Amino acid sequence: MRKILIVIDMQNDFIDAALGTKEALSIVEAVKDKIRSYAPENVIATMDTHGENYMETQEGKYLPVPHCIKGSEGWKIRSDIAPLLEGAKIYEKPTFGSTALAADLKELSGREEIELELVGLCTDICVASNALLLKAFMPEVKISVDASCCAGVTPEKHLAALETMRSCQIQVTGA
């Protein structure tokens, strides 16, 4: 059984810049420890990635805060996390969930038995979206989320997202 860690959007804009929160900042050390607990070849990451036209997109109309504009400082993975992800496959995603990540992992699950663990930001948006997408692509693969390595837009939304994921047979640990 190969256990794979998926690190969701540990980017500056979600930690201590445009959309940062004290809760996001508080999980950084736990996420670093979690990454170190996996072999480098079993770590995957995602990056929220928007263009200069972000405000014209549907997301930009509902969340009118420019963030994770490709190439900007806010788009970059936090500087103390980035070295831990060297060699990891990184998926740039223009929206909450990555269908490319789900498709690649589904293909991998056809060749070998895998288990997935997710950590990162934000619990109620991109972590939940990716966890649910992965579950839809691979209903028989064990998928878990470490709540101690995630933070939501608010503490209440974090807890609500964890409960939603539990309802969809995603294991929640570290709560």
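Could you state the angle between the C-alpha long axis of helix 155-167 and the longest principal axis of the C-alpha atoms of the chain, as a value from 0 to 90 degrees rounded to the nearest 10?
Compared with the principal axis, the helix lies near 30 degrees.
In terms of Cα to Cα distance under 16 Å, which lysines are near enough to K3, apart from those fewer than 8 places away along the same chain?
Qualifying lysines at Cα under 16 Å: K34, K89, K106, K135, K142.
Sorting R2, R78 on the 10 Å Cβ count, fewest up front, what's the list? Show your work: numbers first, answer last.
Details: R2 14, R78 20.
Listing R2, R78 from fewest to most nearby Cβ atoms yields R2, R78.
Give me the aspartates and glutamates in straight-line cross-link reach of K157: C-alpha distance below 16 Å, same-chain residues under 8 apart excluded.
Within reach: E23, D124, D146.
Springs between alpha-carbon atoms under 10 Å, Gaussian network over the chain: tell me which of M165, M47, M55 tops the mean-square fluctuations.
The residue with the greatest mean-square fluctuation here is M55.
Under 37 °C and 0.692 mPa s, how fast does region 18-84 diffuse according to Stokes-Einstein, given a Kirkwood radius computed over C-alpha pairs? Answer in µm²/s, whole number. All intermediate terms of the calculation are to be shown ahead of the outcome.
Numbers: Rh = 13.7 Å.
The estimated diffusion coefficient comes to 240 µm²/s.
Anyone know which of K22, K76, K34 comes out most mobile in the 10 Å Cα GNM of the chain?
So, out of K22, K76, K34, the one fluctuating most is K22.
For region 101-155, what log10 I(q)/I(0) values come out of the Debye formula at q = 0.12, 0.15, 0.27, 0.32 1/Å, with one point per alpha carbon and no solvent?
The Debye formula, applied to the Cα set alone, gives -0.27, -0.42, -1.04, -1.27.
Determine, for V43, V127, the number of other Cβ atoms within 10 Å of each Cβ, and report the residues in order from fewest to most. Kindly include the intermediate steps, with their values, before the conclusion.
Numbers: V43 22, V127 32.
Fewest to most other Cβ atoms nearby, the residues stand as V43, V127.
GNM on the chain, C-alpha springs below 10 Å: top fluctuator among K135, K89, K61?
K61
Which of the lysines could be linked to K61 by a straight reach, that is with a Cα gap under 20 Å, when you skip same-chain ones fewer than 8 residues away?
Of all the lysines, those that pass the test against K61 - Cα under 20 Å, at least 8 places apart if same chain - are K70, K93.
Given an 8 Å cut-off on Cα distances and at least 6 residues of separation, report the relative contact order of the chain as a percent. Working shown, then result.
Numbers: 329 pairs, mean separation 47.5, N = 175.
Relative contact order of the chain: 27 percent.
Counting other C-beta atoms within 10 Å, and keeping those with at most 10, which DSSP coil GluC sites (Glu not before Pro) do you find in region 1-86? Write down the numbers at each step before the final one.
Values: sites: E23, E29, E41, E52, E56, E59, E73, E86; in loops: E52, E73, E86.
Passing both the DSSP loop test and the Cβ count: E86.
Given 20 °C and 1.002 mPa s, how large is the Stokes-Einstein diffusion coefficient of the chain in µm²/s, with Rh as the Kirkwood radius over Cα pairs?
Values: Rh = 16.0 Å.
In µm²/s, the coefficient rounds to 134.
Provide the descending list of Cα extents for region 81-175 along its principal axes, expressed in whole angstroms.
Here the spans come out as 38, 32, 24 Å, largest first.
Read the figures in this text as sums done on the coordinates, not as results from a lab. Just so it is clear, the model here is predicted, and its values are computed rather than measured. Glycine gets a Cβ as well: all are built from the backbone with ideal geometry, and neighbour counts include every protein chain shown.
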